[in-house]
Structures are given as structure tokens and as C-alpha cells.
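Coordinate-derived values only; no laboratory data. Every value quoted in this text rests on a predicted model; they were computed, and no experiment measured them. Cβ coordinates were reconstructed from backbone atoms using ideal geometry, including for glycine residues, and neighbour counts include every protein chain displayed.
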Amino acid sequence: RIPIIGNGDVMDGPSARRLVERTGCVGVMVGRGCMGQPWVFDRIKCELAGRAWTPLPFAERGRILFENYKWLVDYMGEDRATCHMRKLAAFYSKGIAGSCEFRHAANSAKTAAEFSTLVRNHFNC
């Protein structure tokens with residue numbers, strides 16, 4: 001018997017469960033489903049184990065976004081990290097009131113201080 005790992009459109013716990021049920025695979029791979037929601041792995045783990053998952057408070061999302069940003073600044077420098085985080089900020093803010101305005105503001109952020117202020121204000125963190 002060869003263990004099969006499924007992938008494709010795994011965006012959250014329910015989609016991972018459906019893939020396992022439909023294919024009988026022993027595990028799932030997550031690609032773009034983790035963009036801006038690194039907590040999706042915990043959500044999938046809970047779903048596949050039959051446990052309830054509690055969504056993260058918005059402030060915690062903001063804290064994780066900011067931490068991710070700081071790592072990128074250390075890795076690639078402020079200018080490149082700020083440019084890169086513009087895309088990720090849209091994923092992190094999905095489903096939060098005012099996310100459209102936040103995305104527009106994040107897309108024009110040019111410095112770490114500017115981006116940090118936007119994140120703290122939007123996510124109340």
C-alpha cells in the first residue's frame with residue numbers, strides 16, 4: 001500500500017476533510033490556502049480529528065501579521081518586505097470590517113513605521 005497525500009484547493013478544515021473523505025488520502029498538502037492565515041494548519045488538524053476550532057481574534061491576526069512582517073524585514077530588508085507584505089496584508093484582513101480601506105492603505109505604505117501603524121490601527125493590536 002502506498003500512502004497518498006492529497007492536494008488542491010485545501011483552504012480550511014472543511015475542505016481538507018472533504019478531500020480526505022472523497023479520495024481516502026492519508027494526508028493533505030496546503031498551498032495558497034495558508035496565505036495570510038498560517039493558523040489554517042491548526043484548523044485542519046482540529047477538523048480532521050473531529051475537534052472544534054476557535055477562530056483567532058482579529059487582534060491576534062494582526063499580531064501574527066506584524067510578526068511575519070518583522071521576520072521579512074530581517075530577511076529581505078524594509079523596502080522589499082514592505083512591498084511583499086502588501087499582498088499578504090490582503091489575505092490577513094479578509095473578512096474583517098474595513099478590510100477594503102486597510103488594503104488600499106497597505107498598498108501605499110512605503111516604510112516599516114507606516115505599515116506598522118496601519119496594522120496596529122486596523123487590527124487593534
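Each of SER108, GLY27, ASN124 was scored by the projection of its Cα onto the charge dipole of the chain, and the greatest displacement toward the positive side belongs to GLY27; charges sit on the C-beta of Lys, Arg, Asp and Glu. Placing a pseudo-label 7 Å from each Cα along the Cα-to-Cβ vector at LYS70 and ASN107 gives an inter-label distance of 2.9 nm.
Would you mind classifying the range 73-125 by shape? Square roots of the alpha carbon gyration tensor eigenvalues, ordered a ≥ b ≥ c; an a/c under 1.5 is rounded, otherwise it is prolate if a/b is larger than b/c and oblate if not. Prolate, since a/c reaches 1.5 and a/b exceeds b/c. All C-alpha to C-alpha distances of the chain, sorted into 10 Å bins beginning at zero, yield P(r) values of 13, 38, 27, 17, 5, 0 percent in whole numbers. Using only side-chain charges placed at the Cβ, +1 for Lys and Arg and -1 for Asp and Glu, the dipole size of the chain relative to its Cα centre rounds to 280 debye. Annotation: amide H-H contacts under 5 Å for GLY6 (H modelled 1.01 Å from N, sequence separation of 5 or more, or interchain): VAL26, GLY27, VAL28, MET29.
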